[in-house]
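Engineer: Below you will find the structure I want to go over with you.
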Amino acid sequence: QFLFNWTLENIVTYNKKFKDVHNLNLTGLQSIQRDRDERTTISVNGIPAESAAYHRLGDANQITGANTDLIEWTLLSYMGRVNYDYKEKYLLSATMRADGSSNFAKENRWGYFPSFSSAWRVSKENFMSSLDFITDLKLRAGWGKTGNDRVGDYDAFNLYTVDASSGYVLGTNQTFYPGAYQLNIAVPDLRWESTSQTNLGIDLNLFKKINLTIDYYFKRTKDLLLDAETAPSTGFDRVQQNVGEVTNKGLEITIESKIIKTKNFEWDTNFNISFNFIGNMRNYLNGFT
């Protein structure tokens, strides 16, 4: 077996500060990943010297089987991101990502995944100066989409194989000819699974000793990739499909505090609690059942 994997990334960044109050950061990314898996399998009987292992297979009395296989996968990605802040009080970020996966047919190969986020550091506002017990207060909001292409490398395409278990006997000499048979059901409209998530958050620091973080999130995953059961009449038990969607929403609360901090002794406390609610999954089986 020969495994070969390589990744090439090109990143460019640009930083600019205007009038000591505007900060701009631009980032561009181009990336490509490729996997190549080559396999050769030979089965033999009667090796004269087992110590030679696979180095002397040609000396065997009988070769009972031989097979070679090649599996390849490629992912091509582009990403652009803009970060901006004004006096470190108002923060904005926007990202656009495009990924092309060889796991899908040409018309569904590309997935596009944007994201946006913003934050307001309220503690830097003038009206907060009288509240000296609040060391830091920041409000956050964001939305983004991510993708998943992890299915079999050729699930979107028809695969065929040839071996002695399927064939024909033809001619007066009753010659056996191996036949080809189908290994899977192609799903040409197989596409990226996508997850969009909205986040709202608060970061609060009190007396330089207590940190409070509250996060609310709402997540929705669409076009779920699932190796789903299919009707036996198709000749197959399962087939890879985009079967539906599921939603999650929840709340996370974290409290960290430094009760005592001296030169020789520290006492920290941490508290975390989370609530997660899973919505009903809607299922679509695309006519295979």
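The values are calculated or read from the model by the stated rules, or taken from the named source; none is laboratory data. It should be emphasised that the depicted structure is a prediction, and the values quoted were computed from it without experimental measurement. Virtual Cβ from ideal backbone geometry, glycine too; neighbours counted across all protein chains shown. For the accessible areas, the whole protein counts, side chains as well, though only heavy atoms, and no ligand, DNA or RNA atoms are used. Shrake-Rupley method; radii C 1.70, N 1.55, O 1.52, S 1.80 Å.
Engineer: Springs between alpha-carbon atoms under 10 Å, Gaussian network over the chain: tell me which of ILE32, ILE259, ILE47 tops the mean-square fluctuations.
Structural biologist: Ranking ILE32, ILE259, ILE47 by mean-square fluctuation puts ILE47 first.
Engineer: With a probe of 1.4 Å, find how much accessible area the stretch 174-289 has per residue, and write the answer as a whole number in Å².
Structural biologist: Per-residue accessible area for the stretch 174-289 comes out at 65 Å².
Engineer: What is the magnitude of the charge dipole of the chain about its Cα centre, with +1 placed on the Cβ of each Lys and Arg, -1 on the Cβ of each Asp and Glu, and no other charges, expressed in debye to the nearest 20?
Structural biologist: Dipole about the Cα centre, nearest 20: 1580 debye.
Engineer: I want to verify a result. In a Gaussian network model of the chain, Cα cutoff 10 Å, which of these has the top mean-square fluctuation: GLN197, GLN33, GLN174?
Structural biologist: GLN174
Engineer: Solvent-accessible area per residue for the stretch 1-120 at a 1.4 Å probe radius, Å²?
Structural biologist: 68
Engineer: Additional query: First select every other residue whose beta carbon is under 14 angstrom from the beta carbon of GLU266; then total the charges, Lys and Arg +1, Asp and Glu -1.
Structural biologist: Around GLU266, the surrounding residues sum to +2.
Engineer: Moving on to the next point. Of [x] 21.8; [y] 19.2; [z] 25.2, which is the value of Kirkwood radius over Cα pairs in Å derived from the coordinates here?
Structural biologist: [z]
Engineer: Got a sec to turn the phi values of the stretch 67-79 into Karplus ³J(HN,Hα) couplings, 6.51 cos²θ - 1.76 cosθ + 1.60 with θ = phi - 60°, whole Hz, x for Gly and Pro?
Structural biologist: 8, 10, 8, 9, 10, 10, 9, 9, 10, 10, 9, 10, 8
Engineer: Roll a 1.4 angstrom probe over the protein heavy atoms and tell me the percent of accessible area of the stretch 170-230 that is carbon or sulfur.
Structural biologist: Answer for the stretch 170-230 is 57 percent, counting heavy atoms of protein chains only.
Engineer: Also, I was wondering about something else. Dipole magnitude of the stretch 29-108 about its Cα centre, charges +1 at Lys/Arg Cβ and -1 at Asp/Glu Cβ only, in debye to the nearest 20?
Structural biologist: Dipole about the Cα centre, nearest 20: 440 debye.
Engineer: Please get the size of the charge dipole for the stretch 159-289, origin at its Cα centre, with Cβ charges of +1 on Lys and Arg and -1 on Asp and Glu, quoted in debye to the nearest 20.
Structural biologist: Roughly 640 debye, rounded to the nearest 20.
Engineer: Hey, which of these cross-link pairs are over 20 Å Cα-Cα: LYS16/LYS138; LYS17/LYS89; LYS87/LYS124; LYS89/LYS138; LYS87/LYS145?
Structural biologist: In this structure, LYS16/LYS138; LYS87/LYS145 exceed 20 Å between Cα atoms.
Engineer: Okay, next question. Residue by residue through the stretch 27-43, which ³J(HN,Hα) values in whole Hz follow from phi under the Karplus form 6.51 cos²θ - 1.76 cosθ + 1.60 (θ = phi - 60°), with glycine and proline marked x?
Structural biologist: Couplings: 9, x, 9, 10, 9, 9, 10, 8, 10, 9, 10, 10, 10, 10, 10, 10, 10 Hz.
Engineer: Report, ordered by chain and residue number, the lysines lying within cross-link reach of LYS106, taken as a straight Cα distance under 21 Å and ignoring same-chain residues fewer than 8 apart.
Structural biologist: LYS222
Engineer: Using Cα springs under 10 Å in a Gaussian network model of the chain, which residue among LYS209, LYS19, LYS263 shows the largest mean-square fluctuation?
Structural biologist: LYS263
Engineer: Per the 1.4 Å probe, what fraction of the accessible area of the stretch 51-147, in percent, lies on carbon and sulfur atoms?
Structural biologist: Result for the stretch 51-147: 55 percent of the exposed heavy-atom area is carbon or sulfur.
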